Amino acid sequence: MPLRPTHLKLMNSSTHLIDDTHDSAATSWVDGTQGHPDFPLQNLPLGRFYLSDGRTRTGIAIGHQALDLHAVVGMDLLNGDARYAAEHALEAPIALSAAERLALRRGVFELLRVGGRGADRARARHTEILHLQDQITMQLPARIGSFTDFNAGIHHTRNGRQMRGDGGSLPRNYHHVPIAYHARASSVKISGTPVRRPLGQTLPQGQETPVFGPVQRLDIELELGVWVAQGNALGTPIPIENAADHIAGYCLLNDWSSRDVMAWEMDRLGPFLGKNFATTISAWVISPEALAPFRDPAYVRAPQDQPLPYLLSPQDQKHGALALQLAAEMRSARQRTAGVPLQRVVSTSAEYLYWTPAQMLCHHASNGCNMEPGDLLGTGTISGPAHHMYGSFRELSRVGTEPFDMGDEQRCWAEDGDEIALSAWGQRQGFVRIGFGECRAQILPAIDLPTHEG
């Protein structure tokens, strides 16, 4: 592989840069791209997948298809900085710098755009460089070294404390510390992977002795995932002014939770077995560059609740939040058999995140913790102020006391056979809607408990 050029760098972050790749009038020659709710020409997210013959590929989603970057590089369809960035992406798509992501985005945009540079050559080879997404198998975009889950959803935090009898008051440190816990990286799985109902130790209501068996209060948490790109050396914090440049992109994240296990095990410490059995994420990495039109100012705080200086950046305060809509849908095994479509149970917005992704990353590294490419951060459950905006079943059902509707059925917690799908999208006047793809899983029954004959 040729050396990556040293001139491939940006004077300023590309996170908020709106350019020709966001032009709503630009169209692609790839069939099925126009009007696609998730992957129009203006998105171009990176991902990794297997072909039917088992070969691994790095690619870019476009409409219902995936562009094979290995084939594109092999056919010399990209030139200059875009080619260098594509070559790097073949090895480690998550580790691309902001400048490399932007160069690749611009090069591929032209390659797939009607009338773009190199578009005629690419179109002539379309059967060799494009694969239908329903004929490939998605895989994790990177090996996840570490997974940390934050608690940045302010309404989720208030609701949780209110349901515990704390009156909905926030913890004393909430306005100052981006609270998080270290989660389990090995059980993070790609969309479509079934989730097995876990076994766990719980203390049933009214009993004095705990029991062990299939959990009863299986819950979802509607979150965004934040992928780390460039890391930092051990002992060297990431300044808030540069934190956005360390973010490779975003995905959807369902932080499955066993509420009955958590209620019993979290007497002194944070989540353990109530959380580490499964996390589902969407497959494609939505780049900061694609989300440039869908940026908002950071959460508006009271004067006395301003972040400490190490978490405060004028640029991040102006553009650090994400203007995204999110939803959770579900259906039962019976509904699926009957052909009933997924039923929406949650509609919320990323505007209810109290901390920006850059603040979360900056705080994580503030003590010198070394972040690495492929590390994953969860935002925490994104709930809004109204009931239909609650991003977990615990909130929707008021801890199992008030079932919520899912079409012609009701639920308090996830049941065996249920299929649950999360979605997210950015939509703003003057720009093309882009989405995240699906984050979906079906609940399988718990395994049978082993028996011991004496």
Would you confirm whether any residue within the range 316-326 is within 25 Å of LEU422 (Cα to Cα), touching a residue at least 24 places away in the same chain (Cβ under 8 Å), out of contact with any Gly (no Cβ under 8 Å at 6 or more places or on another chain) and assigned to a loop (DSSP other than H, G, I, E, B)? yes
Note on the range 163-185: residues hydroxyl-bearing (Ser, Thr, Tyr) and assigned to a loop (DSSP other than H, G, I, E, B) are SER169, TYR174
Residues of the range 330-354 being more than 28 Å from GLU409 (Cα to Cα) and part of a loop (DSSP other than H, G, I, E, B), in sequence order, are TYR354
Over the range 352-371, the set of residues surrounded by fewer than 24 Cβ atoms within 10 Å (Cβ to Cβ) and either among the polar types (S, T, N, Q) or modelled with pLDDT under 95 (or both) is SER366, ASN367, ASN370
Screening GLY249, GLY235 for residues that are under 30 Å from GLU372 (Cα atoms) and assigned to a loop (DSSP other than H, G, I, E, B) leaves only GLY235
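Restricting attention to the range 355-397, which residues are in a loop (DSSP other than H, G, I, E, B) and over 26 Å from ARG344 (Cβ atoms)?
Within the range 355-397, TRP355, THR356, SER366, ASN367, GLY368, CYS369, ASN370, MET371, GLU372, PRO373, GLY374, ASP375 meet the criteria.
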Scanning the range 186-199 residue by residue, those part of a loop (DSSP other than H, G, I, E, B), within 28 Å of MET389 (Cα to Cα) and of a type outside the set (D, E, K, R) turn out to be SER187, SER191, GLY192, THR193, PRO194, PRO198
Checked pairs for the range 377-397, first over 30 Å from GLN230 (Cβ atoms), second of a type in the set (Asp, Glu) and assigned to a helix (DSSP H, G or I), C-beta under 7 Å and 6 or more apart or across chains, list as SER383/GLU395
Restrict the check to the range 218-225 and report whether at least one residue is closer than 30 Å to ARG398 by Cβ and free of Cβ contacts under 8 Å to residues at least 12 places away in the same chain.
-> no
ASN159 vs (1) under 30 Å from ALA386 (Cβ atoms); (2) of a type outside the set (Phe, Trp, Tyr); (3) over 20 Å from the mean Cα position of the chain (by Cα); (4) modelled with pLDDT of 95 or more: all pass except (4)
The lone condition GLY107 fails out of (1) in contact (Cβ under 8 Å) with a residue 40 or more places away in the chain; (2) within 30 Å of the chain's Cα centre (by Cα) is (1)
Residue count, the range 200-219, condition within 30 Å of GLY437 (Cα to Cα) and either in a strand (DSSP E or B) or in contact with a strand residue (DSSP E or B) (Cβ under 7 Å, 6 or more places away or on another chain) (or both), comes to 4
Of (1) buried (at least 16 other Cβ atoms within 10 Å of the Cβ); (2) farther than 21 Å from ALA142 by Cβ; (3) of a type outside the set (A, V, I, L, M), TRP284 fails just (2)
Residue set LEU449, LEU361; condition within 30 Å of GLY235 (Cβ to Cβ) and of a type outside the set (Lys, Arg); output residue LEU361
Within the range 60-79, residues being on the phi < 0 side of the Ramachandran plot, among the small types (Gly, Ala, Ser) and in contact with a Pro (Cβ under 9 Å, 6 or more places away or on another chain) number 1
Of the residues in the range 167-186 that are out of contact with any Asp or Glu (no Cβ under 7 Å at 6 or more places or on another chain) and closer than 20 Å to ALA365 by Cβ, the one that is surrounded by the most Cβ atoms within 10 Å (Cβ to Cβ) is PRO178
Of the residues in the range 192-233, those that are hydrophobic (A, V, I, L, M, F, W, C), loosely packed, with under 15 Cβ neighbours inside 10 Å and more than 22 Å from LEU96 (Cβ to Cβ) come to VAL211, PHE212
Per the filter on the range 238-263, residues more than 14 Å from the chain's Cα centre (by Cα), surrounded by 18 or more Cβ atoms within 10 Å (Cβ to Cβ) and farther than 28 Å from GLU419 by Cβ are ILE238, ILE240, ALA243, ALA244, ASP245, HIS246
State yes or no: is THR202 farther than 26 Å from THR279 by Cβ and either in the same structural domain as ALA321 (by TED's automatic domain parsing) or touching a Pro at 6+ places or on another chain (Cβ under 8 Å) (or both)?
no
Residue hits (the range 127-162; among the acidic types (Asp, Glu) and assigned to a strand (DSSP E or B)) are ASP149
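The values are calculated or read from the model by the stated rules, or taken from the named source; none is laboratory data. No experiment lies behind these values; they were computed from the predicted model shown. We place every Cβ from the backbone using ideal geometry, glycine too, and count neighbours over all the protein chains shown.
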